[in-house]
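Below you'll find the structure, written out as structure tokens, and then a few comments.
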Amino acid sequence: MRLHIRNPEKTARIALLITLSFMVCYGFVLVFAQVKPFWIDEWRLIYNLKFKDPATLWGPLDFTQQFPRVYLEMMKIFTRLFDYSYFTMRLPSCLVATATILLCYRLMNKIYKPDTVTRFLFVFILVSSVTFTEYFVQVKQYTMEIFLSLVAIWQLLGVLGINNNGVQHKGRYALLCLTFLVAPFFSYTYPIAAAPIFLVVLTQNILKFRSKDEPKQKPQILFLQWLPLFFAACSIVVFYLIDVSRVMADKEMNAYWSYRMMSGGSGMLHICSKCWDFFAQVGAGFIFEIIFGVLGISAFFWGAYKWVGSAGKTMYGTHELLRLYALLLIVIAIGLFMVGKLPVEPKFNAFTVPSITILVIFLLDRLYILPGYRRFTGWFIAVLIIGLIGNIVSSAADLVLKPTYAKRMEIYVATEKAIMRAQAGGIPILVTPGVAYPDAITNVVPNLATMEASAVLKTFPAYKVSDNIPVYTISDLTDLKEKVKQLPSSITSVLAGDGITFRLISR
């Protein structure tokens with residue numbers, strides 16, 4: 001596909017490489033420089049990491065948190081080694097996000113021909129998606145969810161290739177089997193992303209068996225093709241029994257997210273609204289939500305139409321089977337929403353972004369070859385790429401441009417110093433909800449466990465679990481003498497503050 005500009009493929013490739021390099025460098029700056037204070041979603045998870053031992057991490061987590069337990073245990077081991085420092089909290093997500101960029105770029109080159117400009121959208125759309133930019137270095141599992149959605153596509157291509165070419169490299173085959181065994185334990189959405197692989201491989205087998213032009217499949221090839229899927233099925237069952245079953249039984253979590261599920265409303269309007277959100281939330285910002293809402297829905301129905309129209313074919317290529325995978329995954333995800341098992345929320349639906357992108361690229365490629373649409377489609381793709389680059393850069397700039405950023409940093413620095421001062425002198429701390437600015441942690445959110453200011457302060461990297469300095473929540477800094485009197489008599493002095501100003505108070 002060629003745009004009416006000089007060497008569009010080279011221009012797009014250079015733009016992509018510069019943008020990705022910027023993203024990776026930006027991520028590592030956030031890891032090594034303490035310029036991104038933690039916020040309420042992270043506080044809740046960090047509190048569990050710091051104050052639960054490895055055994056209790058497998059039980060209910062505090063503050064309605066859910067996190068794949070094997071991944072959480074590995075996070076616990078790593079962060080504890082460095083005393084839960086800022087660096088160790090930010091590094092895992094950054095490494096996974098970087099691996100996601102590299103894998104996405106590799107898959108782009110594997111799936112699409114090198115002379116097509118639309119292939120770069122496969123990376124641009126994923127990297128600019130709201131979940132990827134928002135959680136790039138956050139202490140959450142969503143970067144891993146996105147990474148494993150790409151791993152599922154890589155696995156699909158690998159398994160399909162076995163049927164076509166056999167096992168070409170024993171080491172790669174062993175790696176394929178290993179990823180099927182391990183991946184389910186690191187993501188709640190990977191089993192959903194892996195489910196269509198079984199159906200697509202079965203479709204390939206049936207069509208090849210029925211084809212008169214293709215050689216009959218050898219039993220050993222079928223065995224080698226289905227062995228990794230057998231490993232996947234076993235791992236998913238074990239993962240469900242030891243981990244997912246706990247999530248599904250969490251009544252607080254289910255009640256809190258019900259308003260984003262099918263149970264949160266009824267009628268065709270509610271369903272249509274959520275289905276629109278499902279596609280629109282691929283984009284970050286109002287304009288891109290409209291673009292991807294229209295593009296995503298159009299691409300899905302166009303892809304489904306083409307598949308129904310080609311039902312009489314006796315054989316499908318890898319690209320057609322890949323589009324079948326994308327269609328099936330979206331159908332499964334929407335179906336889970338319809339039965340009240342999956343919320344429509346960008347971070348919970350991020351595993352579908354690569355599949356939506358595959359269908360969008362398919363639609364744009366078809367529009368480009370239609371008479372009268374070529375020039376418009378070409379310029380639309382060029383403008384879309386420029387807009388996505390702008391979205392990526394602006395998401396980084398937004399960190400420091402937010403009106404709340406300066407005060408959040410002031411609170412982070414001041415509170416870190418206060419914690420170190422208190423620990424050096426063995427002095428308890430009194431802290432107001434101001435330490436959690438701008439999150440209204442004292443407000444009671446229906447069906448969601450609240451977090452006191454004292455718990456927030458303990459999630460700061462400076463607070464050492466081994467020192468265990470007592471921390472108490474107070475409403476404000478008035479009548480501090482009276483508040484100190486209400487503490488145990490053994491406490492003679494405290495450090496009281498609102499996150500910015502701290503002062504020593506004695507009895």
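Packing, taken as the mean count of other beta carbons within 10 Å per residue, orders the peptides 350-356, 221-227 from highest to lowest as 350-356, 221-227.
Would you work out if the stretch 302-453 is rounded, prolate or oblate? Take a ≥ b ≥ c from the square roots of the eigenvalues of the alpha-carbon gyration tensor; rounded if a/c is under 1.5, else prolate when a/b is larger than b/c, oblate otherwise. Prolate, since a/c reaches 1.5 and a/b exceeds b/c. Compared with the direct C-alpha span, the chain from Leu370 to Ile386 gains 3.4 nm at full extension, assuming 0.36 nm per residue. Report note on the peptides 116-127, 55-66: ranked by the mean count of other C-beta atoms within 10 Å, highest first, their order is 116-127, 55-66. In units of the rule-of-thumb radius 2.2 N^0.38 Å, the stretch 373-507 shows an alpha carbon radius of gyration of 1.55. Fraction of C-alpha pairs exceeding 44 angstrom in the chain: 22 percent, rounded to a whole number. Going from the residue with the fewest nearby Cβ atoms within 10 Å to the one with the most, Cys272, Cys104, Cys177 rank Cys272, Cys177, Cys104. Bridging of Lys251 to lysines at a Cα separation below 25 Å is possible for Lys50, Lys52, Lys140, Lys274, Lys341, Lys347, once same-chain residues fewer than 8 apart are set aside.
Partners of Lys417 within straight-line reach, counting aspartates and glutamates whose Cα lies under 16 Å from its Cα and excluding those fewer than 8 residues away in the same chain: Asp467, Asp498. The ratio of the alpha-carbon radius of gyration of the stretch 143-214 to the globular-protein estimate 2.2 N^0.38 Å is 1.21.
Net length available on complete extension from Arg210 to Thr501 is 97.2 nm, with 0.36 nm assigned per residue and the Cα-Cα distance removed. Relative to the longest principal axis of the chain, what angle (0 to 90°, nearest 10) does the C-alpha long axis of helix 353-368 take? The helix 353-368 is inclined about 40 degrees to the chain. Helix 190-210 and the longest principal axis of the Cα set of the chain meet at an angle near 10°. Here the alpha carbons of the stretch 264-372 define both size measures, Rg and Dmax, at 14.6, 45 Å. Using only alpha carbons, the stretch 33-116 has a radius of gyration to Kirkwood radius ratio (Rg to Rh) of 1.12. Highest-first packing order for the peptide set 491-497, 365-371 is 491-497, 365-371, based on the mean count of other beta carbon atoms within 10 Å. Overall form of the stretch 324-413: oblate. Here a/c, set by the Cα gyration tensor axes a ≥ b ≥ c, is 1.5 or more, and a/b is not larger than b/c.
Here the contact order of the stretch 405-506, divided by its residue count and restricted to Cα pairs under 8 Å and six or more residues apart, works out to 37 percent. Neighbour counting of Cβ atoms within 10 Å sorts the residues Ser466, Ser128, Ser273, fewest neighbours leading, into Ser466, Ser273, Ser128. Listing Asp476, Asp53 from fewest to most neighbouring C-beta atoms within 10 Å gives Asp53, Asp476.
Based on Cα contacts under 8 Å between residues 6+ apart, the chain shows a relative contact order of 18 percent. Each listed q (0.13, 0.15, 0.19 Å⁻¹) maps to a log10 I(q)/I(0) for the stretch 97-180, found by the Debye formula over equal Cα scatterers with no solvent: -0.49, -0.63, -0.91.
Modelled this way, with points 7 Å down the Cα-to-C-beta line, the labels at Val70 and Leu57 are 1.4 nm from one another. For Leu430, the residues whose amide H sits under 5 Å from its own are Tyr472, Leu495, Ala496, Gly497, ignoring neighbours fewer than 5 places away on the same chain, with H placed 1.01 Å from N. What is the stretch 139-215's relative contact order, in percent, from Cα pairs under 8 angstrom and six or more apart in sequence? Computed value for the stretch 139-215: 43 percent relative contact order. Rg over Rh for the stretch 14-158 works out to 1.02, both radii taken from alpha-carbon positions and Rh defined as the Kirkwood radius.
Coordinate-derived values only; no laboratory data. Every value quoted in this text rests on a predicted model; they were computed, and no experiment measured them. All Cβ positions, glycine included, derive from the backbone under ideal geometry; neighbour counts span all protein chains shown.
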